[in-house]
1. Based on the Kirkwood radius over alpha-carbon pairs, what value in µm²/s does the Stokes-Einstein equation return for the translational diffusion coefficient of the range 388-473 at 37 °C and 0.692 mPa s?
2. Have a look at M404, V174, V250 and report the one farthest towards the positive end of the charge dipole of the chain, computed about the Cα centre with Cβ charges (Lys/Arg +1, Asp/Glu -1).
3. Output the peptides 38-45, 3-10, 414-421 sorted from most to least packed, where packing is the average of other Cβ atoms within 10 Å over each peptide's residues.
4. Please report, as a whole percent, how much of the solvent-accessible surface of the chain comes from carbon and sulfur atoms (probe radius 1.4 Å).
5. Of K66/K111; K66/K122; K25/K108; K362/K489, which sit over 28 Å apart, Cα to Cα?
6. Would you mind working out the accessible area per residue for the chain, using a 1.4 Å probe, and quoting it in Å²?
7. Evaluate the charge dipole of the chain about its Cα centre and quote only its size in Debye, nearest 20, assuming +1 on the Cβ of each Lys and Arg and -1 on the Cβ of each Asp and Glu.
8. How big is the dipole moment of the range 283-490 about its Cα centre under a simple scheme where the beta carbon of each Lys and Arg is +1, that of each Asp and Glu is -1, and everything else is neutral? Debye, nearest 20, please.
Amino acid sequence: MEKHILSKSTFLRGLQCHKSLYLYKNFIQLRDTPSAEQQAIFSRGNRVGVLAQKLFPGGIDATPTKKNNYIAAVEKTQFLINSGAEIIYEAAFQYNQVLAILDVLVKKEGKWYAYEVKSSIKISHIYVMDASLQYWVITNSGLAIEDISLITLSSKYIKKGDLNLHELFAITSVLKDVAKNQDAITDQANILIELASTAEMPDVPIGEHCFTPYNCDFMGNCWKNVPHNSVFEITGLSKAEQFALYSSGVRTIDEIPAKNNLDKNVNIHLATSKKFDVHIQKEALKKFVDELTYPLCFMDFESFMPAVPLYEGTKPYQHIPFQYSIHVQESASSTTKHLEFLAEQGFDPRIDFIDNLLEHLKEASTILVYDALMERNILNGLKKDFPEKSEGIDFVLSKLKDLMQVFQERIYYHPLMKNSHSIKSVLPALVPELGYETLKISSGSIAMIAFEKLQTETDMFRAMETREHLLEYCKLDTLAMVKLLEVLKRSI
Ligand code: SF4
């Protein structure tokens, strides 16, 4: 058997972009380093895959003993099938130099059933293409498949006691769509096999395909000549609008003509960046500030979303709050004091979270948050899960006010915000001396990963270090709001 030319992942890569497949095959060293978020998604997929195998207990793993020896994996799978195995994990097949490794292969009443595990709740087009390729390879290599299904996490599952795998996972047959895709897979496989062996790099310009269905990992290479201050830095524009400008020759924000069809916010950005001036609606800003009452609390939550529910009464990917930071200002002229909470690892954090929060906020008059949607959703979720805490939670909800509104409604706009109202864009524009760059945990998604990892951390010192980094990060989120409000007040 010849070594494979395409695997499932290189096939899907080639479907997204021919150049990406070429670069992967010939210049893999140009690939971007995966981010912490991407690595976490990858290991979550592996964990969910191993758990889903338990739906079919007693299977034999066809993974080769020597890493990446796929020919051995294909031979082992064939041997297992021939010797009467009925459940095979990581079953490997090859056809026409395309390799496919299936999560679970099961024989029932003499017929073979294929299962591919995905750690998400929804079935996407790319998952169906993935299953279509698996089916194409397996059936063409000589094994008839009665049905092929995707195993996903069920959004309806609520944990009660021990995990019930048959309720946690949803099994959906995709055979109908997979069968329809077979001719297209044959055509694409022929094109991509030829492309994978070509010596000439396909000439593919950057485009919306760089982000669909996944962010390409060669952007560091292909996008290196996109100029600083390019139209892609205007965050409020859709990708289609950005590329329409870019391909019409308008590369940088400064090159956008004064007369254009872009929305009001983009034009505020253009006007302020040309003069490098700040746009302030003083009346509206004064009204916002005058409505703040004291004690004023600046509050921020951190939450994580375990794919497989860890706690009683929770669903897959439910937001579980585990940390908050509060800066309290007793009066307009007083300094702030800091309060915080970070749940202990290994326990359901929600009750301690809400009890501490209600205690810390019992005197609050206005509670200022940045992007109230997340805090509101978490508080409403807690109210549903712990109805006995409703009164206290309703008190907190009634006091919430959103600082983001000032920036989102362009009551205050600084050109360095680049048409974004995210705190990660607003803070460096208004308070450049305060930044997240030096922090070990520098975003909400990294905080999520860190807390999830803490649940299984056995090294006490590493756990303590992570907890310190989490506290430092969340504290900066509320300190940032304190400093932003100081700048706003000085501008009135
Ligand atoms: S960055 Fe875009 S153009 Fe370059 S390889 Fe990736 S998808 Fe293709």
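The values are calculated or read from the model by the stated rules, or taken from the named source; none is laboratory data. Computed from a prediction, not measured in an experiment: that's the story for all the values here. Methodologically, a virtual Cβ is constructed for each residue, glycine included, from the backbone with ideal geometry; neighbour enumeration extends over all protein chains shown. Note: areas computed on protein heavy atoms with side chains; ligands, DNA, RNA excluded. Shrake-Rupley method; radii C 1.70, N 1.55, O 1.52, S 1.80 Å.
1. Details: Rh = 15.8 Å.
Value of D from the Cα-based Kirkwood radius: 207 µm²/s.
2. It is V250.
3. Numbers: 38-45: 14.5, 3-10: 17.8, 414-421: 20.2.
Top of the packing list down: 414-421, 3-10, 38-45.
4. Values: 12920 of 24680 Å².
For the chain, the apolar C and S fraction of the accessible surface comes to 52 percent.
5. K66/K111; K66/K122; K25/K108
6. Result: 50 Å² of accessible area for each residue.
7. Numbers: 53 positive and 61 negative charges, 136 e Å.
My answer is approximately 660 debye.
8. Roughly 700 debye, rounded to the nearest 20.
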